[in-house]
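The block underneath contains the structure these notes are about, expressed in C-alpha cells.
The values are calculated or read from the model by the stated rules, or taken from the named source; none is laboratory data. Fair warning: this is a prediction, and the values are worked out from it, not measured in the lab. Here Cβ is always computed from backbone atoms with ideal geometry, including for glycine, and neighbour counts include all displayed protein chains. Surface areas here come from the heavy atoms of the whole protein model, side chains and all, with no ligands, DNA or RNA. Shrake-Rupley method; radii C 1.70, N 1.55, O 1.52, S 1.80 Å.
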Amino acid sequence: MINEKMLITKNTCIAPKIYELTVQGDLVDLIREPGQFVHIKVSDGTLPLLRRPISIASINRNTKELTLIYRVDGVGTKTLSLRSQGDRLEILGPLGHGFPLDVINQGETAVLVGGGIGVPPLYELSKSLSKKGIKVIHVLGFRTLEDTFYQKQFEELGKTVIVTDDGSSKFKGTVIDALQLLNLNYQVMYACGPTPMLAALENGYSDKPLYLSLEERMGCAVGACMACVCHTVDEDDEKGYRKVCSDGPVFKSGEVKLSC
Ligand code: FES
C-alpha cells in the first residue's frame with residue numbers, strides 16, 4: 001500500500017451523476033486482485049476531512065493507469081467531480097481483499113451480478129476471469145436505461161443482461177427477478193451492490209460458491225478505526241466480527257451478517 005499523488009488523465013461524466021476517473025502512477029503496480037479499492041483525498045485543502053473509498057473498475061499495467069467509476073452523491077464526490085485532467089490526487093491504496101480468482105477453473109462459467117454503483121469492480125473482475133479462460137455472464141441492475149454505463153465494455157467480454165427498475169431496458173425488475181428467469185448454469189457467482197441485493201442473493205443462491213463485495217461507510221479504510229465492522233455469522237468465531245476495509249470488502253457468502 002502506498003500514498004501517492006497520482007496524475008489525473010481523465011475525469012468525465014458518463015451517465016447522470018456517474019463519473020469515470022482515470023489516474024496514473026506507481027500504485028497500479030501494487031494491485032493484486034480485482035475488487036480492491038483506493039481511498040482518495042478529494043481536495044488539496046483540509047475539507048472535506050474524510051477521504052472517499054472508491055472501488056477499482058479497471059487497470060492498465062502498461063500505461064500505469066487505473067480507472068475509478070463513482071457517483072456524485074455528496075460534498076466529497078462533488079469536489080472530486082470538479083478535479084481536472086493534469087491535477088494530482090492524493091490516493092492511498094491498493095486496499096482490502098478482492099474477489100478470489102482461484103475458486104474457478106478454465107472452461108467453467110462465472111455469473112457476475114451488480115447493482116448500480118456496485119457494477120464498476122465487476123469490470124476488472126470480468127477481464128481477469130476472461131483472461132483465465134472462464135466464461136462470464138453479467139447481470140447488471142440500474143434504475144433506468146439512462147443510468148446504465150459500461151454496457152458495451154461488458155458485452156465485449158460476455159453475455160450481458162441489463163435490468164432496470166422502470167423497464168426501459170429489455171428486463172424490468174431487479175437482478176434477482178432476472179436471475180430467476182434466466183436460470184443460468186454456472187459454477188461461481190460474484191456480486192457487488194446494495195446490501196438488500198446481496199442479502200437476496202445469499203438467500204437464494206448460496207448453494208454454489210458466492211462471493212459478495214460489501215459497500216460500507218468507512219473512516220480510516222486501513223483497519224484502525226472500526227467504523228466498518230460487520231458481525232460474523234458463526235457465533236463460535238473467536239473474534240466475532242470482520243472489518244470490511246481490511247478483511248473485505250469481498251467475503252464468501254455466509255461469513256458476515258449483511259445488516260452490519
Ligand atoms: Fe476504519 Fe475499517 S474504516 S477500520
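A few notes on this one:
- 3J(HN,Hα) from dihedral phi, the stretch 144-157, Karplus parametrisation 6.51/-1.76/1.60, rounded to Hz, x for glycine, proline: 9, 4, 4, 7, 5, 9, 6, 4, 4, 4, 5, 4, 5, 9
- Taking the Cα centre of the stretch 144-260 as origin and assigning +1 to Lys and Arg Cβ atoms and -1 to Asp and Glu Cβ atoms, the resulting dipole is close to 220 debye.
- D_trans [Stokes-Einstein, Kirkwood Rh over alpha-carbon pairs] for the stretch 152-234, 4 °C, 1.567 mPa s, µm² s⁻¹: 85 µm²/s
- Kirkwood Rh in Å, taken over the stretch 97-190 so that all alpha-carbon pairs contribute: 13.3 Å
- Qualifying GluC sites (Glu not before Pro) in the stretch 70-171, DSSP loop, other Cβ atoms within 10 Å at most 14: Glu156
- Residue order for Ser169, Ser130, Ser259 - accessible surface, 1.4 angstrom probe, largest first: Ser259, Ser130, Ser169
- Amide H to amide H, with H built 1.01 Å from N, Ile134 comes under 5 Å of Gly107, counting only residues 5 or more places away or on other chains.
- Estimated at the nearest 10 Å², the accessible area of Thr79 is 30 Å² with a 1.4 Å probe.
- Think of each Lys and Arg Cβ as +1 and each Asp and Glu Cβ as -1; about the Cα centre, that makes the dipole of the stretch 10-80 roughly 160 debye.
- Summed over qualifying helices (DSSP H, 4 residues or more, each -39500 (n - 2.57)) and divided by its residue number, the chain shows a 222 nm mean residue ellipticity of -4500 deg cm²/dmol.
- In this structure the stretch 1-83 gives 46 Å² per residue of accessible area when probed at 1.4 Å with all protein chains present.
- Phi to ³J(HN,Hα) by Karplus 6.51 cos²θ - 1.76 cosθ + 1.60 over the stretch 175-183, Hz, x for Gly, Pro: 5, 5, 4, 5, 4, 5, 5, 6, 6
- Each of His39, Gln106, Asn11 was scored by the projection of its Cα onto the charge dipole of the chain, and the greatest displacement toward the positive side belongs to Asn11; charges sit on the C-beta of Lys, Arg, Asp and Glu.
- Taking amide hydrogens as placed 1.01 Å from N in the peptide plane, the amide H of Cys220 sits under 5 Å from those of Cys225, Ala227, each at least 5 positions away in sequence or on another chain.
- Stokes-Einstein diffusion of the chain at 10 °C, 1.306 mPa s viscosity, Kirkwood radius from Cα pairs, rounded to a whole number: 85 µm²/s.
- Taking the chain as a Gaussian network of alpha-carbon nodes connected by springs under 10 Å, the highest mean-square fluctuation of the residues Val229, Val75, Val113 belongs to Val75.
- Whole-Hz couplings from phi, Karplus 6.51/-1.76/1.60, listed for the stretch 234-250; x for Gly and Pro: 6, 6, 8, 4, 4, 7, x, 8, 9, 8, 4, 5, 10, 8, x, x, 9
- Pairs from Lys5/Lys131; Lys131/Lys208; Lys41/Lys131; Lys208/Lys257; Lys17/Lys257; Lys127/Lys170 whose Cα-Cα separation, in the structure shown, is over 27 Å: Lys5/Lys131; Lys41/Lys131; Lys17/Lys257
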